[in-house]
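Below you'll find the structure, written out as structure tokens, and then a few comments.
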Amino acid sequence: MIHQVQVGAFQLSAIQVWDVRELPAPEFLKGVQGEHLAAVAARQPLFFSAAQALLFTLQVFVLRRAGQVILVDTGDTVNRMGNVLEWGLAALGLQPEDVNVVFLTHRDADHVGGTLNAQGQIRFPNARYVMSAQELQAFREDEKRAALFHACLAPLLDGEKLEVLDDNTEFLPGLTLIPTPGHRAGASSLRVQDGGDTALILGDTWHFAAQITRPEWSSVWDEHAEQAAQTRREILAQALEQNWVLAAPHIPFGGLGRIQEREGQREWVSCGQLFTR
Ligand SMILES: [Zn+2]
């Protein structure tokens with residue numbers, strides 16, 4: 001499934017690479033209480049199952065402008081749905097060779113696990129891969145993820161394909177690395193600006209739509225829960241005030257949305273159009 005939205009001259013597409021899963025809220029969100037969960041589920045029923053489980057998926061985002069193709073994260077490698085990312089790119093008229101830049105938000109398998117293809121070759125051979133300098137350093141030192149680093153990052157470094165970026169670097173016109181710490185200390189997001197429009201493609205700052213209304217509910221995957229909640233509050237305030245598009249890889253139905261305030265509470269409103277199932 002592919003959803004799309006326009007951000008100035010950029011076309012932002014979301015390729016869904018996982019099916020939609022149902023995750024029980026008390027197991028995956030910290031500090032959830034039953035009545036509060038019910039209130040959030042009533043506010044945003046699209047993002048909950050009938051039994052109030054959290055709906056969860058994975059999208060990979062593609063940005064295109066005037067022949068430039070920028071991929072944000074790679075998904076995991078060939079998964080049980082098959083090579084869905086290649087299918088999605090083909091539906092957009094693209095081959096892996098057409099990707100110019102791959103922006104890596106953070107060091108998790110569902111984001112950097114797909115840097116190589118099934119043959120073990122660099123999957124996007126003509127791309128420059130870019131990543132936060134801080135996050136790359138943390139990845140090198142992360143013993144829990146040593147195997148992932150060697151499988152997915154080392155070949156890029158060996159092939160001199162990976163560039164590091166400092167926080168707040170505009171590495172192409174309109175495209176800036178924004179630090180969004182919390183989920184990982186060096187997690188970053190990609191700000192897209194053109195013609196007065198802004199989108200922020202998030203590095204797992206949110207995992208669930210419920211956290212829009214309740215930014216204090218960190219997921220069990222957030223390494224620095226307090227910091228993650230603070231980052232969500234700051235982004236929410238800016239996104240609401242400036243009508244940003246947020247692109248959240250794990251929120252279902254495209255993961256493209258804006259923030260709306262209703263009855264004093266914030267909620268996620270999906271935006272964009274369905275391009276293809
Ligand atoms: Zn993730």
### Message
Using Cα-Cα distances under 8 Å and only pairs 6 or more residues apart, what relative contact order does the stretch 2-276 have, in percent?
### Response
21 percent
### Query
For the chain, what is the convex hull volume of the alpha-carbon atoms per residue, in Å³?
121 Å³
## Note on the structure
For the pair Glu234 and Gln33, the simple spin-label estimate (label points 7 Å beyond Cα toward Cβ) gives in nm 2.9 nm
### Query
Between rounded, prolate and oblate, where does the stretch 45-133 land on the alpha carbon gyration tensor, with a ≥ b ≥ c its root eigenvalues, rounded for a/c under 1.5, else prolate if a/b exceeds b/c?
prolate
### Query
Where the centre of each part is set by its Cα atoms, how far does the stretch 1-65 sit from the stretch 172-218, in angstrom?
15 Å
### Query
Any idea which of Val112, Gln16, Leu177 is furthest toward the positive side of the dipole for the stretch 2-276, if Lys and Arg beta-carbons carry +1 and Asp and Glu beta-carbons -1?
Gln16
## Note on the structure
Expected unfolding gain across Val164-Ala50 under the 0.36 nm per residue rule, minus the alpha-carbon gap, is 36.6 nm
### Query
Once the Cβ-Cβ distance between Arg21 and Glu223 is put in as r, and R0 is 22 Å, what FRET efficiency do you end up with, to the nearest 0.05?
0.55
### Query
Given +1 on the Cβ of Lys and Arg, -1 on the Cβ of Asp and Glu, and no further charges, what dipole in debye does the chain carry about its Cα centre, rounded to the nearest 20?
540 debye
#### Entry: Of all DSSP beta bridges in the chain, antiparallel share, percent nearest 5
75 percent
#### Entry: Relative contact order (%) - criterion: Cα under 8 Å, at least six apart; region: the stretch 125-277
16 percent
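Within the stretch 113-210, report the GluC sites (Glu not before Pro) that DSSP leaves as loop and that have at most 10 other Cβ atoms within 10 Å.
When the GluC sites (Glu not before Pro) of the stretch 113-210 are filtered for loop state and at most 10 Cβ neighbours within 10 Å, Glu141, Glu160 remain.
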### Cleavage-rule hits (trypsin sites (Lys or Arg not before Pro)) in the stretch 1-97: DSSP loop, at most 15 neighbouring Cβ within 10 angstrom
Lys30, Arg80
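Relative contact order of the stretch 131-183: what whole-number percent is it, with Cα pairs under 8 angstrom and at least 6 residues apart?
Over the stretch 131-183, the number comes to 35 percent.
What list do you get for Cys271, Cys152 if you sort them by fewest beta carbons within 10 Å? Kindly include the intermediate steps, with their values, before the conclusion.
Details: Cys271 15, Cys152 24.
Ranked by crowding around the Cβ, least crowded first: Cys271, Cys152.
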### Message
Out of all DSSP beta bridges in the stretch 115-241, what portion is antiparallel? Express it as a percent rounded to 5.
### Response
75 percent
### Size-normalised alpha-carbon gyration radius of the stretch 57-107, reference 2.2 N^0.38 Å
1.11
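Please label the shape of the stretch 156-255 as rounded, prolate or oblate, based on the square roots a ≥ b ≥ c of the eigenvalues of the alpha-carbon gyration tensor (a/c under 1.5 means rounded; beyond that, a/b larger than b/c means prolate, else oblate).
oblate
FYI, it's all coordinate maths here, none of it is from the lab. Note that the structure is predicted; figures quoted are calculated from it, not measured. When we count neighbours, we look across all protein chains shown, and the Cβ atoms used for this are built from the backbone with ideal geometry, even at glycine.
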